[in-house]
Structures are given as structure tokens and as C-alpha cells.
Amino acid sequence: MKISTYRKLGRQSLAGNWTYGVLLCLLASIIAGLIGSLTGGFGTIIAGLIAAGVDIAFLQLVDGNKITNYFTVLFSGFTSKRLIPIFLTWLLSTIFLCLWTILLIIPGIIKGLAYSQAYYIVKDRVNNGEELTPTQAITESRQLMDGHKWEFFLLQLSFIGWAILAIIPLGLGFLWLVPYVHSTNANYYRKLSANKVED
């Protein structure tokens with residue numbers, strides 16, 4: 001599937017939901033920032049769980065199951081039996097990425113792309129009532145992205161033009177760009193996972 005098609009799907013998912021996407025991402029940034037400034041290192045963990053909640057929210061949106069309560073969505077990483085698997089996924093992926101990045105920047109980027117679908121996988125597995133081992137989501141993300149890392153990298157790169165434009169009005173354009181990226185990435189995961197099932 002072409003990169004432009006994934007971006008089109010991202011826009012379609014946001015049709016009628018732009019306000020939801022903008023407020024969701026804005027609240028996530030504000031809450032994560034406040035907690036981080038008040039709690040220091042511990043805030044990094046909370047911010048990671050909130051980031052997972054944002055990923056889950058956009059996957060729900062793509063699936064047509066939008067959760068309208070913003071705080072329920074933002075803290076969904078703490079609920080519905082997701083806390084332990086998401087925390088372990090965040091912790092281990094952070095450790096692995098740090099170790100790879102210490103070696104060289106490029107391997108760190110490659111592993112970041114390989115682990116990029118982990119939160120989506122946790123959401124799907126937990127919703128299916130499955131138990132996850134500590135590294136299962138990371139392993140499945142790596143397997144899912146096998147042969148697709150370059151494609152996903154180019155997809156992220158395709159937003160650079162919009163990012164430059166977003167900077168111009170005092171950075172306000174990011175209010176719309178960030179949900180656009182999240183929506184596109186959620187659609188990418190859903191299509192990729194559907195193709196794997198078909199295979």
C-alpha cells in the first residue's frame with residue numbers, strides 16, 4: 001500500500017473527530033509534562049503509560065470504537081488489565097533501545113522502528129483476554145515489522161513537510177499534525193496486522 005494511502009486513511013479516521021484528536025493529544029502533553037515536572041524520573045514512567053493510552057485511543061478510533069471520555073482514554077494504559085503488560089513493554093523497550101543506541105545511533109533507530117507497534121499489540125492481546133509474557137509485545141512487534149521498517153520510516157519521514165509548516169504559526173500547527181500522525185500510524189498497524197492474519 002502506498003504511503004499516501006495510509007495518510008489518506010489517517011485523515012478519514014479523523015473526519016468529524018479532529019477536535020477529539022487535538023484535545024486528546026494536547027491533554028496528554030499537558031498532563032505528562034506536569035507530572036514529569038513534579039515527580040522527576042517517576043514522571044517518565046507515567047508519561048510512557050499515557051503515551052500508550054494515546055496509541056490505544058487512536059487504535060480504538062480507527063476501529064470505530066472511540067472512547068469519548070478523555071481521561072478514561074489517557075489513563076487506559078493503567079486499566080483493563082493493561083498496566084503490567086504495558087509497563088513491562090515500556091520498561092523493556094526503553095532499556096533495549098538505550099542499549100542499542102549506546103552502540104550506535106542507527107541501530108537504535110532501527111530497533112525503535114521494530115518496537116513501534118508494541119502498544120497496539122498489547123491492546124489487541126489484552127482485549128482478546130490473552131496473557132502476555134514480558135517481552136511478547138516487543139517480539140511480536142519486531143516480527144510484524146520485519147520487512148516493513150523502511151516503509152514505516154518513510155511514512156514518518158513524509159510528515160516532515162507538514163512539521164515545517166506547523167512550526168510557522170508559533171508551533172500551533174502541531175495541534176493538528178500530532179493527531180494526524182497518530183491516526184495514520186494506527187491505520188498502518190491495523191492494515192499490517194490484517195495482512196499478517198491473511199498470510
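Every number in this text was worked out from the coordinates using simple rules, so none of it is lab data. Please read these numbers as outputs of a predicted model, since none were measured by experiment. Glycine gets a Cβ as well: all are built from the backbone with ideal geometry, and neighbour counts include every protein chain shown.
Local charge for residue 146 was computed over the other residues whose Cβ lies under 11 Å away, with Lys and Arg +1 and Asp and Glu -1, and equals +2. Computed from the Cα positions only, the extents of the range 1-97 along the three principal axes stand at 38, 28, 24 Å, in decreasing order. Rg over Rh for the range 151-199 works out to 1.14, both radii taken from alpha-carbon positions and Rh defined as the Kirkwood radius.
Here the Kirkwood formula puts the hydrodynamic radius of the range 60-199 at 16.5 Å, using every distinct Cα pair.
Rg then Dmax, both in Å and based on the Cα atoms of the range 45-109: 14.1, 43.
Give 2/149; 2/191; 8/196; 111/149; 81/123; 81/191 a once-over and call out the pairs whose C-alpha atoms are over 18 Å from each other. Among 2/149; 2/191; 8/196; 111/149; 81/123; 81/191, the Cα-Cα distance tops 18 Å for 8/196; 81/191.
FRET efficiency for the pair residue 27 and residue 83, taken as 1/(1 + (r/R0)^6) with r the Cβ-Cβ distance and R0 = 25 Å, rounds to 0.80. Span-like helix criteria (full DSSP H runs; alpha carbon extent of at least 24 Å along the helix axis; mean Kyte-Doolittle hydropathy of at least -0.5) are satisfied in the chain by 18-39, 41-62, 83-103, 174-198.
On full extension, the segment bounded by residue 71 and residue 101 gains 7.5 nm, given 0.36 nm per residue less the C-alpha separation.
Among the GluC sites (Glu not before Pro) in the range 79-148, those located in a DSSP loop and surrounded by at most 15 other Cβ atoms within 10 Å of their own Cβ are 130, 131.
Between residue 37 and residue 110, the C-beta separation translates, for a Förster distance of 22 Å, into a calculated FRET efficiency of about 0.10.
Our estimate of slack between residue 164 and residue 11, defined as 0.36 nm per intervening residue step minus the Cα-Cα distance, is 53.2 nm.
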